[in-house]
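The next block holds one structure in the form of structure tokens; read it before the comments.
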Amino acid sequence: MDREPEELQFVGFFGICNEAYKIVLSCRRIFSQITLSLILPLSFIFLAHIQISDLIFTKIAINEEALETTRMGSPSQDKILDRLSSEWTAFLLFKAAYLLCVLVFALLSTSAIVYTIACIYTAKDLTYSKVVSVVPKVWKRLMVTFLWNFIILLGYNTLAAIVIILTLLLAGTGPAGTLLLVFIGIGYLVGLVYISVVWHLASVVSVLEDVYGIQAMQKSKALIKGKLGISCSIFLLLNLGLMAVNLMFARFVVHGRSVGVLPRIALGIVFVFALSLLILIGLVMQTIIYFVCKSYHHENVDKSCLADHLEVYLGEYVPLKDRSVQLEHLYV
């Protein structure tokens, strides 16, 4: 980023997109290495999950149909029930392994991209080996922030479920009740987007500042004021892209059996790379938003102090102290 810190506050939606494009293009070597080692496996796991889940559910559906035509208490029914039990167990274990792998690679990818962008911001020499050495140490802080976000989402979803149940009991499913449920649904989605945007910015805060967990969420909430519209717009755009890749993969690869095996494999590879590029751009933009928000609130990030803390740390990860990423007010 070749802009001065005080200039970043004026960067808008298209400016952030353009800045992300220029950064990735100018440092394509290091971003290619990060993508191939971390983001590409994440994309592969995400899309492979769709394919494998479809195969397991197809077997479950076949056995459930067979169960409906089988006599109660017969040996055939027992065999089908055993198969269904094994398939559901396999699905749950697969789902748990999938979520764990996605979480690990997502946090590692976030750590790598945020650290890389910070090095670029400070014009610091950067190599892939430096990124790899720092990422595992930063990852621990991101995990704590993620767990707090999970707790917040759990509480939010529980509250939403209670509100929906009470609405159904009190207002029923008539026109008035349905209209009320629509408004509740819209409010729920707005709140979900807000929590997600705050969490994404909190992930950057966890890497670059001396706070993580709930403190990072609170800091992110304060930083995002004034730039909430732009942040939500970018979040929705990226998620629409993810949804589009997901739907096209399911349509042409998972269910596109008439296309042929080789074309489906080729399309699958294309979708994996497309998803990897989308995730890369999203993480870069997420980090740029952090610097934009800091500038908007006239909080200068001291480049020299930031550069000192981005050295290859020996021993435990040393986070940026408040005096390093200081909230220096730039009176303009």
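The values are calculated or read from the model by the stated rules, or taken from the named source; none is laboratory data. Every value quoted in this text rests on a predicted model; they were computed, and no experiment measured them. Reconstructed Cβ throughout: ideal geometry from the backbone, glycine too, with neighbour counts over all protein chains shown. We work out accessible area using only protein heavy atoms, side chains counted, and drop any ligands, DNA or RNA first. Shrake-Rupley method; radii C 1.70, N 1.55, O 1.52, S 1.80 Å.
A search for C-beta distances below 7 Å between a residue of region 81-100 that is under 27 Å from Pro41 (Cβ atoms) and any residue that is open to solvent by 100 Å² or more (accessible area, probe 1.4 Å) and assigned to a helix (DSSP H, G or I), counting only pairs 6+ apart in sequence or on different chains, returns Glu87/Lys59.
If the condition is being of a type in the set (Lys, Arg) and not in a helix (DSSP H, G or I), then region 75-133 contributes only Lys124. Restricting region 266-320 to residues that are at pLDDT below 80 and in contact with a strand residue (DSSP E or B) (Cβ under 9 Å, 6 or more places away or on another chain) leaves a set whose member that is surrounded by the fewest Cβ atoms within 10 Å (Cβ to Cβ) is His298.
If we scan region 4-26, do we find a residue that is open to solvent by less than 30 Å² (accessible area, probe 1.4 Å) and touching a strand residue (DSSP E or B) at 6+ places or on another chain (Cβ under 9 Å)? Scanning region 4-26 turns up at least one residue that is open to solvent by less than 30 Å² (accessible area, probe 1.4 Å) and touching a strand residue (DSSP E or B) at 6+ places or on another chain (Cβ under 9 Å).
Conditions (1) open to solvent by 70 Å² or more (accessible area, probe 1.4 Å); (2) modelled with pLDDT of 85 or more, marked per residue:
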residue	(1), (2)
Pro75	yes, no
Asp78	yes, no
Tyr121	no, no
Lys124	no, no
Lys137	no, no
Met143	no, yes
Trp148	yes, yes
Ala161	no, yes
Thr167	no, yes
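Residues in region 172-215 that are aromatic (Phe, Trp, Tyr) and either touching a residue at least 24 places away in the same chain (Cβ under 8 Å) or closer than 15 Å to Gln286 by Cβ (or both): Tyr188, Tyr194, Trp199, Tyr212. Against the condition open to solvent by 20 Å² or more (accessible area, probe 1.4 Å) and in contact with a Gly (Cβ under 8 Å, 6 or more places away or on another chain), how does Val102 come out, does it pass? When the stated conditions are applied, Val102 does not pass them. Among residues that are exposed (fewer than 14 other Cβ atoms within 10 Å of the Cβ) and β-branched (Val, Ile, Thr), Thr58 is included. Within region 137-159, no residue that is under 14 Å from Leu201 (Cα atoms) and assigned to a helix (DSSP H, G or I) sits with its Cβ atom under 8 Å from a residue that is small (Gly, Ala, Ser) and open to solvent by 70 Å² or more (accessible area, probe 1.4 Å) at 6+ positions apart or across chains.
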